[in-house]
Each structure stands twice: as structure tokens, then as C-alpha cells.
Amino acid sequence: MVNYYSIKEPIIHEIDIKKSRFITYLIPIQTEEEFNEQLATIRKKHYKATHHCQAFILNEDSSIQRMSDDGEPSGTAGVPMLEVLKRNNLTYIMAVTVRYFGGTKLGAGGLIRAYSTSVSETLNHAKLIANATQMVIELTIEYNQVDNFNYYLEQTSTPITVLDTQYTDKVSQTLALYLGDIEPVHKELIDLFSGQIEWTEIGEQTVDVPVTSTQPD
């Protein structure tokens, strides 16, 4: 079960529109205090910028949402930025778009498009994650089985996240699987290795996994 979607790590992207620079920061956050700290850092770095427009969403149900036009005409910056985050079903995320005015006014429509585009393009470069309730599995195999196991990971359409790998006298892989995938994956690996594996279900945990085209709901 997916609890929420967010981004894996901070990312920065810049676009230029009619000589104005729009620099967007997307940052994963957990609290409003963290948002304020990150915003203060960005303001300090870009202290000469004309505007520092913002939006953020918190909580699994996206119940906390804030935005600011930071001096741009009302509704032309913070709202379109927030709408991009909402449209992509993201939470625990903040967006700050820094604008260095280039001398040409864009008008209300132009500003809305500029701030929306800046956040959208930055998201296109971001690594999305799904925070999901998954079963953590410890799979232990022999060294001579590792290549076949890696090939299986490359070929399977089932989303499997390798959380950790330990090399001792054998190879222990800590895997995370959606609950509905446990039985079929176990069977496939039993068949692949003729039963010569050790499979232990550690328990359910919330795990950040990469978003794939086959992401379960």
C-alpha cells in the first residue's frame, strides 16, 4: 500500500523567460520548521533576488498546504506552484522559485505560466519516491547464485527494492516487496534456484521506493 508520494532528494533547476531568471528549488521536508529553515537558507543565498515565491505540502493526507506570492501580484506565483505539487499528488515537499527580474513585465498570465512551468520542469528532473507499507525479506543465497539473482531483478516487472546487501560466507539481500507480491516472488525464486535459498520475512515496514510505471495503488 502506498502511503504517499514525494521526491527522493533536493533538486534545483533554472529557466529564463524574457530575461528574468526563475530558479526553482524542490526539497523533501517533514515539518514546517524545516521549511522555514530551508527558505531562510535560500533567501540568504539569493539575497539580491526580486522574489522568493513558495509553496509546500505536508502530511500523508496533504492536510497542510501553504503558499506565498512574495510580492508578485496575488495568485500569480504561489498558487500555480502549489497546484503543480497537488496535480502530481506529492506531499512532504517544498518548492521555492527565486526570480531575478529581467526588466520585462510578464503580466498575470505570463507569471502564472512562468512559475507553473518552472516547478513542472524541475519535477521532470526529480527522482520520485513512493512511501509504502512493504514486507521486508531477508534472502540468503550462495555466491554462485548472485549473477542469476541480479538478472532476475533486471528482468522482472515486479517492483523489488534491495535495501541492503551483506557478504559473509553467503550473500544476504534485504528486500522490500509489496504485500501482494510476496507469494509470487517467493515461488519464482524457489523455482529459479531449485529451492536452494533461505527466505525470511522480517516484518512490515514503511519504505521509500522508486516510483515505477507499474506502481501499485
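Take the residues in the range 47-80 that are of a type in the set (A, V, I, L, M) and closer than 20 Å to ILE129 by Cα; name whichever of them is surrounded by the most Cβ atoms within 10 Å (Cβ to Cβ).
Step by step, filter the range 47-80, then rank; the result is ALA55.
Looking only at strands (runs of 3 or more DSSP E) that lie completely in the range 86-174, which have at least 3 residues being of a type in the set (Val, Ile, Thr) and under 30 Å from SER194 (Cα atoms)?
128-141, 160-167
Which of the residues belonging to the range 26-69 are charged (D, E, K, R) and within 17 Å of LEU82 (Cα to Cα)?
Within the range 26-69, GLU32, GLU60, ASP61, ARG66, ASP69 meet the criteria.
Residues checked against (1) without any contact (Cβ under 8 Å) to a residue 60 or more places away in the chain; (2) within 14 Å of THR97 (Cα to Cα); (3) assigned by TED's automatic domain parsing to the domain that holds THR122; (4) of a type in the set (Ser, Thr, Tyr):
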residue	(1), (2), (3), (4)
PHE22	no, yes, yes, no
GLN30	no, no, yes, no
GLU33	yes, no, yes, no
GLN38	yes, yes, yes, no
SER62	yes, no, yes, yes
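Test of understanding: among ALA40, ALA114, which residue is buried (at least 19 other Cβ atoms within 10 Å of the Cβ) and at pLDDT 95 or above?
That would be ALA114, the only listed residue that is buried (at least 19 other Cβ atoms within 10 Å of the Cβ) and at pLDDT 95 or above.
The values are calculated or read from the model by the stated rules, or taken from the named source; none is laboratory data. Bear in mind that the values here come from a model prediction, so they are computed numbers and not experimental data. Cβ coordinates were reconstructed from backbone atoms using ideal geometry, including for glycine residues, and neighbour counts include every protein chain displayed.
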